[in-house]
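Below you'll find the structure, written out as structure tokens, and then a few comments.
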Amino acid sequence: MVVSCCAFGCTEREVKGGPVTFHCFPKDEERRKIWEIKIRRENFKATKSSRLCSKHFSPDSFDREKLGGTWLKKTAVPTVFNFDKHVVERKITRKPLVRKRKHYLGDFDDDDMNSPTKARKLLSIAQSQQKKWKMKIKNAERKTKRLEKKLFTLTEMLSDLKKKRLATEPAANVLKV
């Protein structure tokens, strides 16, 4: 199994006989939480296999005389980290929203027809305006047709009321207006 350091941004891996040693997280909950906070990884929970390399501890955190190996003192806390300032202070910078300017047929002149891109843009604008005006004409025609139908229905009702003598001539004239 490959042992690697779990500190944010650290890429150290265990090499047998190498100068870097790897250390388990403390079993004491309070000290473990301190270590987890110090390594600056979001939502990180140390497991049995989580390790920190010796590069994150100061030299006075080690007890080197114990059995001839490199051991951490019980009170050791990781304090040495090389966090980049741009990583620590991540601020989201958004680009300002650039609104596209609307173009109209009047914006173009005869010289613009010499450029294929401007000619294409002019054609596109002309087609969209034509579509818009067709819709407006269609809606106006529908509205006119509805009003004509309503007028026809009301005149029929008025003539029916006159036939049945339910409306007098002066009353019918008032209703006509």
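What the table below lists for this structure:
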item: Residue within segment 48-61 that is free of Cβ contacts under 8 Å to residues at least 12 places away in the same chain and buried (at least 16 other Cβ atoms within 10 Å of the Cβ) present; result: no
item: Residue match in segment 115-125 (condition: surrounded by fewer than 10 Cβ atoms within 10 Å (Cβ to Cβ), at pLDDT below 80 and either assigned to a helix (DSSP H, G or I) or among the charged types (D, E, K, R) (or both)); result: no
item: Some residue of segment 21-32 being polar (S, T, N, Q) and without any contact (Cβ under 8 Å) to a residue 24 or more places away in the chain; result: no
item: Residues located in segment 152-170, provided they are of a type outside the set (Lys, Arg), loosely packed, with under 12 Cβ neighbours inside 10 Å and part of a loop (DSSP other than H, G, I, E, B); result: Leu166, Thr168
item: Positions within segment 99-153 being among the polar types (S, T, N, Q) and touching a residue at least 12 places away in the same chain (Cβ under 8 Å), in sequence order; result: Gln129
item: Test set (1) more than 39 Å from the chain's Cα centre (by Cα); (2) in a loop (DSSP other than H, G, I, E, B); (3) under 21 Å from Ser4 (Cβ atoms); (4) not charged (D, E, K, R) - His23 fails condition number; result: (2)
item: Arg90 under 30 Å from Glu42 (Cβ atoms), of a type in the set (Lys, Arg) and modelled with pLDDT under 85; result: yes
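The values are calculated or read from the model by the stated rules, or taken from the named source; none is laboratory data. Everything numeric here is computed off the predicted structure, so don't read it as measured data. Using ideal geometry, Cβ is built from the backbone for each residue, glycine included, and neighbour counts are taken over all protein chains shown.
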